[in-house]
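Asks: What follows is a single structure, and I will ask about it in a moment.
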Amino acid sequence: MVLAKQGMLDSIKIIDFTNYLPGPFASLRLGNMGAQVIKVEPPHGDPARHLSTMHEGVGVIYAATNWNKQSIHLNLKDPEDQERALQLIKTADVVIESFRPGVMKKFGLHYERLKEMNPGLIYCSISGYGQHTDHQSGFGSHDINYMAESGILSLLSDEKGKPVHPQIQFADYMGGMYASEQILAALVARSVNGCGQHVDISLVDALFSMLGAHELIYRETARTDGVDELNGQYVCYSIFETKEGRYMAIGALEEKFWSNFCTAVHQPNWRYRGQDRRDDPQSIASEVSGLFKSRTLEEWTQFAKKVDCCLSPVLTIDEAVASPLIQERGLIEVLTEEKARIRTSPVHQPNKRKERSI
């Protein structure tokens, strides 16, 4: 029995020329909404097939971001394979590519040519710095570069202000989400005016768009550390170490939540001092730190289930996967006893794709 998918985008056909992470993550999200995604890979495959830890014969990045797609291999330097790509694009709604600016033109697959044969085509180009920017033109770059140049990496720092190397690719994933958002907006516009368009996605754009409040704070105060209430400076909104060296995150920003916490730990004198700064020697920060270190993560977790004070354990990956919240939301799709995958949207949302026989 052959299975097809139903979803909000079940009439949309996407030709995905992207490799590695941002583009495949974008088309994964669209595919999970029902779109048909045909992934065009070079003769030796997407380089992510051979990258890092292997899972069922392919690299984990490839396995995690391409499981809902058809795949074909084309040599885009070959005229015959270029023609095969053109035939696919003739009936497509969306093309996504992530080559360096100008490469698709060399293949004869640039937007100016394609829109002549498919006027309604949404053509999305994903790059680090955009299609028409001189910055680092012709040079290679990756997630860590975009984080550095957007200003985001400077905000992920230790107590001494040293940038901390993140263990997740923020630019690549945020860029993929940014691309899928823009593609969806272009599809809505096409439904109104009947016209396609070229969507120019810069991964730096995706990150920099998050800094609106930070820029205003800098303009007003010359400070670069963002919103005081949210940046870990205040005792009531911070991360504290537990007895065994694990961590709890408290977000008791509103007075009622901080008051609930103080009452539950029998410290009424702390009630009006939630906004004491952790770097102030006169603050209650050291006392609160001592309290958190007096109990284990499990003890604080059970406390958080009884007291409404915005308190959460900092979970490891395996703990998050097994957590009741993730299970209840249906974010893990169990395929077999030993195989599962993470969904990009909760199982109970209306856009969940249903299986049907054809």
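Asks: Which of the peptides 177-190, 316-329 is most tightly packed, and how do the rest follow, judged by the mean count of other Cβ atoms within 10 Å per residue?
Replies: 177-190, 316-329
Asks: List the residues whose amide H sits under 5 Å from the amide H of LEU74, counting only those 5 or more places along or on another chain, with H placed 1.01 Å from N in the peptide plane.
Replies: Close amide H contacts, sequence-distant or interchain: GLU41.
Asks: Hey, another quick one. Considering the alpha-carbon set of region 221-358 alone, what are its Rg and its Dmax in angstrom?
Replies: Reported Rg and Dmax, both Å: 19.4, 70.
Asks: Sticking with this structure for a sec: Expressed as a whole percentage, what fraction of the accessible surface of the chain belongs to carbon and sulfur atoms when a 1.4 Å probe is rolled over the protein heavy atoms?
Replies: 53 percent
Asks: Between ALA26, ALA171, ALA64, where does the largest GNM mean-square fluctuation fall for the chain, given springs only between Cα atoms within less than 10 Å?
Replies: ALA64
Asks: Right, next: Could you do me a favour and compute the accessible area per residue for region 96-204, 1.4 Å probe, result in Å²?
Replies: Per residue, region 96-204 has an accessible area of 55 Å².
Asks: Can you send over the solvent-accessible area of ILE144, 1.4 Å probe, protein chains only, in Å² to the nearest 10?
Replies: 60 Å²
Asks: I need the helices of the chain that pass two filters: whole DSSP H segments spanning 20 Å or more by Cα along the axis, and mean Kyte-Doolittle score no lower than -0.5.
Replies: The answer, listed by residue number, is 170-193.
Asks: Run the helix sum for the chain: -39,500 (n - 2.57) per DSSP H stretch of 4+ residues, divided by residue count, reported at 222 nm to the nearest 500 deg cm²/dmol.
Replies: Mean residue ellipticity at 222 nm (helix-derived): -10500 deg cm²/dmol.
Asks: Which lysines have a Cα less than 26 Å from the Cα of LYS339, not counting those fewer than 8 places away in the same chain?
Replies: Within the straight-line limit of under 26 Å, LYS339 reaches these lysines: LYS5, LYS39, LYS69, LYS352, LYS354.
Asks: Find the Cα radius of gyration of the chain, compare it with 2.2 N^0.38 Å by division, and give the number to two decimals.
Replies: 1.18
Asks: Moving on. Please list, short to long, the whole-number percent of alpha-carbon pairs of region 94-177 in consecutive 10 angstrom bins beginning at zero.
Replies: Result returned by the calculation: 15, 39, 27, 13, 5, 1.
Asks: If the limit is 20 Å between Cα atoms, which of LYS13/LYS105; LYS13/LYS115; LYS256/LYS305; LYS160/LYS293 go over it?
Replies: Distance filter (> 20 Å) returns LYS13/LYS105; LYS160/LYS293.
Asks: Straight-line reach from LYS77: which aspartates and glutamates have a Cα under 20 Å away, not including same-chain ones fewer than 8 places off?
Replies: ASP16, GLU41, ASP46, GLU97, GLU112
Asks: Using a/c under 1.5 as the rounded threshold, could you call region 4-43 rounded, prolate or oblate? The axes a ≥ b ≥ c are square roots of the C-alpha gyration tensor eigenvalues, and prolate needs a/b larger than b/c, oblate otherwise.
Replies: Prolate shape, in that a/c is at least 1.5 and a/b is the bigger ratio.
Asks: Classify region 1-105: rounded, prolate or oblate, from the alpha-carbon gyration tensor (a ≥ b ≥ c, eigenvalue square roots; a/c under 1.5 rounded; otherwise prolate if a/b is larger than b/c)?
Replies: oblate
The values are calculated or read from the model by the stated rules, or taken from the named source; none is laboratory data. Predicted model only: the values in this text are computed from it and were never measured. Don't worry about glycine lacking a Cβ; one is built from the backbone with ideal geometry, like all the others, and counts go over all protein chains shown. Heads up: the accessible areas ignore ligands, DNA and RNA and are worked out on the full protein's heavy atoms, side chains in. Shrake-Rupley method; radii C 1.70, N 1.55, O 1.52, S 1.80 Å.
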